[in-house]
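**Student:** Here's a structure for you.
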Amino acid sequence: MSAGRWTGRASLGAGLVLLAAAVVPAWLGPAVAPAQRDTASPSARPGPGTPIATLGIPRLGARWTVVEGVDAASIADAPGHYPQTAPPGQVGNFAVAGHRVRGLFWDLDRLARGDEVVVEYGPRTFTYTVTGSRVVAPTAVEVLAPVPGEPRATATSAVLTLTTCEPKWSDARRLVVHAALLFPGGEPTT
């Protein structure tokens, strides 16, 4: 077979594959197409670095704007929401990372059981109470599970997880603070 004929057949084959990729989801109907559309929709989730909430910790006298994403650019100057975790106030784990620098999560180790963390999200305010803290390896991603520490469990309540480096000036370990939602459904923002 000549090189020209082979190239023509390869191009035709590639075109048929692309056409099938566009036509098959529509042909299969709602069972496939909507789910694909939802995950690909740019409005489905805010982009990295987009402000999504305000987080305040009265004990520390601190208040921050939380952005979407935990990539280096997003969390350079603000705490970031782990995109794979729940939104504030929803069943599951709303997890937020912040650098251990002055002005961000520098004093996170001062939080104690019973301290409040207040999250404003849209028209609602969600108040969480700290239930405990621990230090883990940077690879301990189970702290981000819907039920922190139990990756196979199904969440039945809303929790908050704050993560930062431990000790200060080092990324050798992670300080993790857990909190439980006090008022399911949230309180209207005043």
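The values are calculated or read from the model by the stated rules, or taken from the named source; none is laboratory data. Note that the structure is predicted; figures quoted are calculated from it, not measured. Positions of Cβ are generated from backbone atoms using ideal geometry, with glycine treated the same way; all protein chains shown enter the neighbour counts.
**Student:** Any residue at all in segment 110-119 that's more than 22 Å from Glu166 (Cα to Cα), modelled with pLDDT of 95 or more and surrounded by 13 or more Cβ atoms within 10 Å (Cβ to Cβ)?
**Tutor:** Residues of segment 110-119 more than 22 Å from Glu166 (Cα to Cα): 118-119.
After this cut, where a residue has to be modelled with pLDDT of 95 or more as well, the list is 118-119.
With the extra rule that they be surrounded by 13 or more Cβ atoms within 10 Å (Cβ to Cβ), the set shrinks to 118-119.
Yes, segment 110-119 has at least one match.
**Student:** So, one more: Within segment 113-164, which residues are of a type in the set (Gly, Ala, Ser), closer than 18 Å to Gly98 by Cβ and out of contact with any strand residue (DSSP E or B) (no Cβ under 6 Å at 6 or more places or on another chain)?
**Tutor:** Across segment 113-164, the qualifying residue is only Ala140.
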